[in-house]
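Down below is the structure, laid out as structure tokens.
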Amino acid sequence: TLIASAVNGLPAVNFSGTQFLQMPAGMSNFASGMTAMVVAKPVSVSAGARLFDFGNGATSDNVSLSLPSSTGLTFSTYNGSTSSSVTASSGVNLGNFQLLEALYSGTNTATLFQNSSQLAQSTSMETLNNLTRNNNFLCQDSVGGNRFNGQIAELLIWNRQLSVSERTAVEGYLLGKYL
């Protein structure tokens, strides 16, 4: 459901915990890295609620950004069925719009941010294969569960890790626009 004036007079899409959006097959080449930025307002969280999940099944070449708790944020990568993740146990604020980010180097490093502040980092991430992902979803996992309850005003994804100056410029734009 579209909310016409959700944040600063701008629209956002409301996901009630039962709604989701399926995206077309693709999301193939994250072998060189990935940057994901989501302006979101979680309302309530069931553990594992997905902001996005791109993959080929429950544990098949997935890449996802999820909320493991009412304050946490997790970015996960799968190489085939072998998983890895980085989790920040705090930093997410229920009931507020915020900029949530995951940066993945393409090799083994992933970093999480909230409103441009670093929350957590892992240097032992699985590499992502360059292949077509067929089960791509916003606000649910790739097999139909773990649905997000809240609003999303903007989602930006790059198939590389943005440089510090690029990330700073995009953060400045999004924070100025929404927060």
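The values are calculated or read from the model by the stated rules, or taken from the named source; none is laboratory data. These figures come from a predicted structure and were not determined experimentally. No Cβ is skipped: glycine too gets one built from the backbone with ideal geometry, and neighbour counts run over all protein chains shown. Protein only, heavy atoms only, side chains kept; ligands, DNA and RNA dropped before computing areas. Shrake-Rupley method; radii C 1.70, N 1.55, O 1.52, S 1.80 Å.
Name every residue in segment 15-67 that is closer than 15 Å to Leu131 by Cβ and of a type in the set (S, T, N, Q), in order of residue number.
Answer for segment 15-67, where residues must be closer than 15 Å to Leu131 by Cβ and of a type in the set (S, T, N, Q): Ser28, Asn29, Ser32, Asn56, Thr59, Ser60, Asn62.
Give me the pairs: first residue in segment 154-179 and closer than 18 Å to Phe75 by Cβ and open to solvent by 80 Å² or more (accessible area, probe 1.4 Å), second residue not in a loop (DSSP other than H, G, I, E, B) and not basic (Lys, Arg), beta-carbon distance under 8 Å, and six or more apart or on different chains, which are they?
Asn159/Met34; Arg160/Met34; Arg160/Thr35
Between a first residue in segment 20-43 that is farther than 24 Å from Phe113 by Cβ and a second residue that is part of a strand (DSSP E or B) and open to solvent by less than 10 Å² (accessible area, probe 1.4 Å), which pairs have beta carbons less than 9 Å apart while being 6 or more apart in sequence or on different chains?
From residues that are farther than 24 Å from Phe113 by Cβ, the pairs are Gln22/Asn136; Pro24/Asn136; Ala25/Arg133; Ala25/Asn136; Gly26/Phe54; Gly26/Arg133; Gly26/Asn136; Ser28/Arg133.
Could you tell me whether Ser76 is part of a loop (DSSP other than H, G, I, E, B), farther than 20 Å from Val39 by Cβ, at pLDDT 95 or above and touching a strand residue (DSSP E or B) at 6+ places or on another chain (Cβ under 8 Å)?
no
Among residues belonging to segment 48-59 that are touching a residue at least 60 places away in the same chain (Cβ under 8 Å) and either of a type outside the set (A, V, I, L, M) or touching a Pro at 6+ places or on another chain (Cβ under 7 Å) (or both), point out the one that is surrounded by the fewest Cβ atoms within 10 Å (Cβ to Cβ).
Going through the qualifying residues, I end up with Gly57.
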